[in-house]
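Read through the structure below, which is laid out as structure tokens, and then see the notes.
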Amino acid sequence: MEARIRTAVARDLPVLTALAQRTYAEAYGQDMTQVALEWHLNTHLSPQRMNQMLRRDTFLVAETDQMIGFVQFGEAGRADLTGTDTSGAEVRRLYVAAHAQNRGTGTLLLQAALDHPRIEAFAGVYVGVWHTNLGARRLYARFGFVQVGEKPYLDAEGASPGADLLLRRSRMRV
Ligand SMILES: CC(C)(COP(=O)(O)OP(=O)(O)OC[C@H]1O[C@@H](n2cnc3c(N)ncnc32)[C@H](O)[C@@H]1OP(=O)(O)O)[C@@H](O)C(=O)NCCC(=O)NCCS
């Protein structure tokens, strides 16, 4: 069943928060200690934090009989812009539940985000992708993203176990 894509609204917050926490744990949990995983979920994906992000950013969700994926995007922060850019958009998160992957939902979500006026308004869109995440790197490459930099991920101790690659895609207009 092909997923339907729609914009998330405030009443989606509980289900969206549960999905964001679950998909993060599925994607990265096995490479982290339980303490580090819980710190990340409580710091970056708590209900309060998700509520703040839902007010600031756009979230598109993918649904079949349940919510199976989401993409989050908005204006890029200064740290995500390269020297020649003074403004841009950023895809901040793209996640599909493990049981629903490899059926085209990630592609649908990313296409819908790139077609959205909030991204289309900018000449460039950025995304950070974990260096070992080859599947996501292939997906972004198919959409024309190219690497333009790197930014370290800092854990609870301020240590950096690896880097997010910073990718950029130029707006494609004919
Ligand atoms: C990256 C991610 C969002 C991709 O979601 P997805 O729904 O599996 O993506 P798609 O199905 O569109 O594409 C994935 C693969 O399925 C294939 N595919 C696409 N459409 C398909 C379809 N209709 N049927 C079967 N396979 C399909 C693609 O060719 C692709 O192959 P490849 O990447 O191995 O070359 C998902 O793997 C995920 O959530 N990963 C963990 C979190 C993450 O890494 N997020 C990105 C960084 S923030």
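The values are calculated or read from the model by the stated rules, or taken from the named source; none is laboratory data. All values derive from a computational prediction rather than experimental measurement. Counting neighbours? That spans all protein chains shown, and the Cβs are built from the backbone with ideal geometry, glycine included. For accessibility, only protein heavy atoms count, side chains too; no ligands or nucleic acids. Shrake-Rupley method; radii C 1.70, N 1.55, O 1.52, S 1.80 Å.
A few comments on the model shown:
- Scan of the stretch 70-83 for residues that are in a strand (DSSP E or B) and within 14 Å of the ligand (Cβ to nearest atom), ordered by number: Phe70, Val71, Gln72, Phe73
- Flag for Thr105 being open to solvent by 20 Å² or more (accessible area, probe 1.4 Å) and β-branched (Val, Ile, Thr): no
- Residue check for Tyr126: surrounded by 14 or more Cβ atoms within 10 Å (Cβ to Cβ), more than 8 Å from the ligand (Cβ to nearest atom) and in a strand (DSSP E or B): yes
- Candidate set: the stretch 129-149, residues that are within 15 Å of the ligand (Cβ to nearest atom) and assigned to a strand (DSSP E or B); chosen: the one surrounded by the fewest Cβ atoms within 10 Å (Cβ to Cβ): Gln147
- Summed over the stretch 49-69, the residues that are in a helix (DSSP H, G or I) and open to solvent by 50 Å² or more (accessible area, probe 1.4 Å) give a count of 5.
- A count restricted to the stretch 1-26 and to residues that are open to solvent by less than 70 Å² (accessible area, probe 1.4 Å) and within 26 Å of His116 (Cα to Cα) stands at 14.
- Meets criteria (within 13 Å of the ligand (Cβ to nearest atom), in a strand (DSSP E or B) and not basic (Lys, Arg)) for Glu26: no
- Candidates Ala89, Ala112, Ala98, Ala79 - the one that is touching a Ser or Thr at 6+ places or on another chain (Cβ under 9 Å) and among the small types (Gly, Ala, Ser): Ala98
- In the stretch 150-174, of all residues being of a type in the set (A, V, I, L, M, F, W, C) and more than 21 Å from Glu75 (Cβ to Cβ), the one that is surrounded by the fewest Cβ atoms within 10 Å (Cβ to Cβ) corresponds to Val174.
- Among residues of the stretch 29-48, those that are within 16 Å of the ligand (Cβ to nearest atom) and loosely packed, with under 13 Cβ neighbours inside 10 Å, counted: 2
- Near pairs, Cβ below 7 angstrom, 6+ apart or cross-chain, from the stretch 127-155 (acidic (Asp, Glu)) to any residue that is open to solvent by less than 30 Å² (accessible area, probe 1.4 Å) and within 11 Å of the ligand (Cβ to nearest atom): Glu150/Leu165
- Hits in the stretch 84-117 - residues which are near the ligand (Cβ under 6 Å from one of its atoms) and either of a type in the set (S, T, N, Q) or outside any helix (DSSP H, G or I) (or both): Arg93, Leu94, Tyr95, Val96, Gln101, Asn102, Arg103, Gly104, Thr105, Thr107
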